[in-house]
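Each reported figure results from applying straightforward, stated rules to the coordinates on display, with no laboratory input. The structure displayed is predicted, hence computed values, not measured ones. Note: ideal-geometry Cβ built from the backbone for every residue, glycine included; neighbour counts use all protein chains shown.
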Amino acid sequence: MDAIQKRILMEVAGLESTPHGAYNIRANGKSAARSTTANIDIVSKEDGSGIDIYIKPGTVNESIHIPVVLSESGLKEVVYNDFHIGENSDVVIVAGCGIHNCGEQDSEHDGIHRFFVEKNAKIKYVEKHYGEGDGRGKRILNPVTEVTMAEGSSMEMEMVQIKGVDNTDRVTRADLGAGASLVVRERLMTHGDQVAISSYFVNLNGEGASTDVVSRSVARDNSYQKFDSKITGNAACTGHTECDAIIMDDAKILAIPQLEANNIDAALIHEAAIGKIAGEQIIKLMTLGLNEAEAEEQIINGFLK
Amino acid sequence: MLELKHLSFAVPGESAEKEIIHDISLTVGKGKFVVITGPNGGGKSTLAKLIAGIEKPTSGSIWLDGADMTEKSITERAHMGVSYAFQAPVKFKGICVIDLLRIASGKKLSVGDACAYLSEVGLCARDYINREVNGSLSGGELKRIEIATVLARGTVLSVFDEPEAGIDLWSFKSLIEVFERMRSANSDRTIIVISHQERILNIADEIIVLGGGNILAHGTREEVLPTLLGTSSAVSACGQLTKGGEK
């Protein structure tokens with residue numbers, strides 16, 4: 001990998017060198033490096049469209065890194081990654097995609113991630129998006145995440161997109177069995193003319209299933225954000241979704257939290273708030289010696305932390 | 001030394017301008033502990049905001065240690081040595097107590113140093129240092145953190161707008177001790193406190209009574225305090241709590 005690819009890898013996966021544990025690094029449409037462990041196997045799909053990741057039942061304290069780097073302008077790819085997470089395992093999965101586009105043509109990576117989470121398995125999934133490069137070609141990421149969660153399993157998803165991605169249409173769908181729990185923490189910042197659409201559809205199908213989908217976002221300049229989150233309660237379950245957005249400059253934000261209860265014991269809550277930075281917050285930080293721009297930066301950094 | 005020269009402040013009213021501060025001139029000497037009291041709506045908080053630069057005067061000027069800061073921004077005044085503790089502390093999402101103290105001190109404050117400021121205001125530091133400065137903290141806790149940020153700044157002039165508002169009796173006693181320690185730690189440090197509290201008036205070097213936007217009285221504690229006792233400008237702590245309904 002060259003220096004640009006290495007830097008992007010650092011941005012999306014925090015990796016300075018090859019990680020410990022299992023990994024698959026994809027660079028410009030090809031597998032650049034792969035490692036498996038005794039408990040985690042990574043297998044290319046026969047038709048070359050992606051990979052299958054098999055985590056053996058009972059695998060604990062292991063991590064899997066599957067970053068994707070695009071540094072060729074004009075590259076468009078659709079990749080299918082399927083995660084088969086065995087019973088009673090407890091693992092961390094770090095995905096992420098970084099695009100460096102200095103050219104005139106659009107670069108696009110559409111990752112379709114499917115998770116099959118078996119009974120009582122526990123995973124933490126981190127996905128970071130990053131774009132850079134001063135070419136006129138757009139940096140486009142359209143991730144689809146599909147999660148099927150068996151009884152008693154739990155998943156925590158951290159979705160972060162702070163810089164440089166021109167266009168994102170993210171769709172996340174989840175079906176939860178009895179006692180399963182899904183927590184989503186999304187952090188998003190858009191600037192320039194960027195467009196980011198984020199949709200969540202969480203179906204709570206089993207008794208005792210629960211979810212908490214929270215998005216915090218900042219929209220600057222002329223950017224547009226749409227947050228569409230729907231929780232459906234089909235059993236005795238609990239669900240909460242929240243969108244908290246800071247709007248700046250000429251940005252536009254649409255928040256559509258939705259709830260559907262199909263069972264009398266489904267307890268569902270949604271919250272949505274959009275507003276500019278409170279003037280008194282800026283004034284307070286100015287009395288501590290920051291100028292207005294520094295105060296704004298502190299407030300946004302804290303908000304997206 | 002803080003000097004206000006013919007300071008006036010007016011806001012647009014329905015028919016004519018409404019003057020909140022009316023041609024005030026006063027001098028607060030270096031190292032003095034001055035309490036500004038007076039009836040509600042008399043212009044006390046506005047005066048504090050004019051000093052901090054949050055409001056701009058309609059006319060007149062404000063000087064700190066011989067430098068004119070009338071046209072200076074809030075940030076510039078902060079750098080010149082003005083600290084200001086808000087009456088209603090501002091809440092943030094995601095900014096932690098240690099972040100605020102680090103910004104206030106203007107340096108890479110160690111956890112130990114940050115904890116020292118919190119201990120000073122009676123908060124068990126380890127429990128608070130990484131808490132977000134948001135609605136999960138009680139009014140009294142926010143107020144004490146607000147005071148800790150002023151301590152962390154360590155500037156030549158500190159202005160506190162009703163520091164006792166919203167805190168309980170226990171921390172009221174500690175608050176007085178905080179002020180006393182601030183005075184003894186640095187004799188050049190000028191402290192201005194807006195308060196009705198008899199116990200705070202009791203430790204003042206000077207008392208200023210503000211009413212209707214005018215200075216009604218300005219003198220030493222010995223001169224002014226006897227004229228105030230029993231009025232709304234010098235309330236005993238228990239009296240105020242009873243009045244507020246939270247005994």
Placing each pseudo-label 7 Å from Cα in the direction of the beta carbon, residue B:186 and residue A:305 end up separated by a distance in nanometres of 2.6
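With all distinct Cα pairs included, what does the Kirkwood hydrodynamic radius of segment B:49-125 come out to in Å, to one decimal, could you say?
Values: mean 1/r = 0.0688 Å⁻¹.
It works out to 14.5 Å.
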Over the whole of B:93-106, what's the average partner chain Cβ count within 10 Å per residue? Rounded to a whole number, please. 4
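Cβ under 11 Å from residue A:25's Cβ, residue A:25 left aside: what net charge do those residues give with Lys, Arg +1 and Asp, Glu -1?
Numbers: positive: A:6, A:26, A:30, A:34; negative: none.
My count for the surroundings of residue A:25 gives +4.
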Give the distance, in whole Å, between the Cα centre of segment A:97-131 and the Cα centre of segment B:24-76. 55
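When Rg is the radius of gyration of the Cα atoms in segment B:82-149 and Rh is its Kirkwood radius, what does Rg/Rh come to?
Result: Rg/Rh = 0.91.
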Compute the signed sum of charges (Lys and Arg +1, Asp and Glu -1) over the other residues within less than 12 Å, Cβ to Cβ, of residue B:215. -1
Would you mind telling me the antiparallel percentage of the DSSP bridges in chain B, rounded to 5? 55
Separation between the residue A:31 and residue A:136 pseudo-spin-labels, each 7 Å from Cα along Cα→Cβ, expressed in nm? 3.9
Ranked packing of B:146-158, A:289-301, most packed first, by mean Cβ within 10 Å: B:146-158, A:289-301
Hey, what's the per residue convex hull volume over the C-alpha atoms of the protein assembly as shown, in cubic angstrom? 191
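Stretched out fully, how many nm does the piece from residue B:27 to residue B:232 gain, at 0.36 nm a residue minus the Cα gap? Could the numbers behind the result be given before it?
Details: separation 205, 0.36 × 205 = 73.80 nm, distance 2.48 nm.
Extending this stretch completely gives an extra 71.3 nm.
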Which Cα, out of A:208, A:147, A:105, lies furthest along the positive dipole direction of segment A:95-227 (beta carbon charges, K/R +1, D/E -1)? A:208
Charges on Cβ only, +1 for Lys and Arg, -1 for Asp and Glu, centred on the Cα centroid of chain B; of B:186, B:137, B:230, which one is farthest towards the dipole's positive end? B:137
When the Debye formula is applied to the Cα atoms of chain A, each taken as the same point scatterer, what base-10 log of I(q)/I(0) results at q = 0.12 Å⁻¹? -0.83
Give me the percent of DSSP beta bridges within segment A:37-169 that run antiparallel, rounded to the nearest 5. 10
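By DSSP, what percent of the beta bridges with both residues in the protein assembly as shown are antiparallel, rounded to the nearest 5?
On the way: 32 of 185 bridges.
Approximately 15 percent, going by the DSSP bridge assignments.
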Rg followed by Dmax, in Å, when segment A:1-64 is reduced to its Cα trace: 12.8, 38
Taking only the Cα positions of chain B, the convex hull volume per residue in Å³ is 136
May I ask for the net charge around residue A:212, where only other residues with Cβ less than 12 Å from the Cβ of residue A:212 are counted and Lys, Arg are +1 while Asp, Glu are -1? -3
What Kirkwood radius, in Å to one decimal, follows from the Cα pairs of segment A:218-305? 15.1
Calculated [θ] (222 nm, deg cm²/dmol) that DSSP helices of n ≥ 4 give over chain A, each run adding -39,500 (n - 2.57): -3000 deg cm²/dmol
Counting helices only, and only those DSSP H runs with n ≥ 4, report the 222 nm mean residue ellipticity of chain B as the sum of -39,500 (n - 2.57) divided by its residues, in deg cm²/dmol to the nearest 500. -10500 deg cm²/dmol
What distance in nm separates the two pseudo spin-label positions at residue A:104 and residue B:108, each 7 Å out from Cα along the beta-carbon direction? 4.6
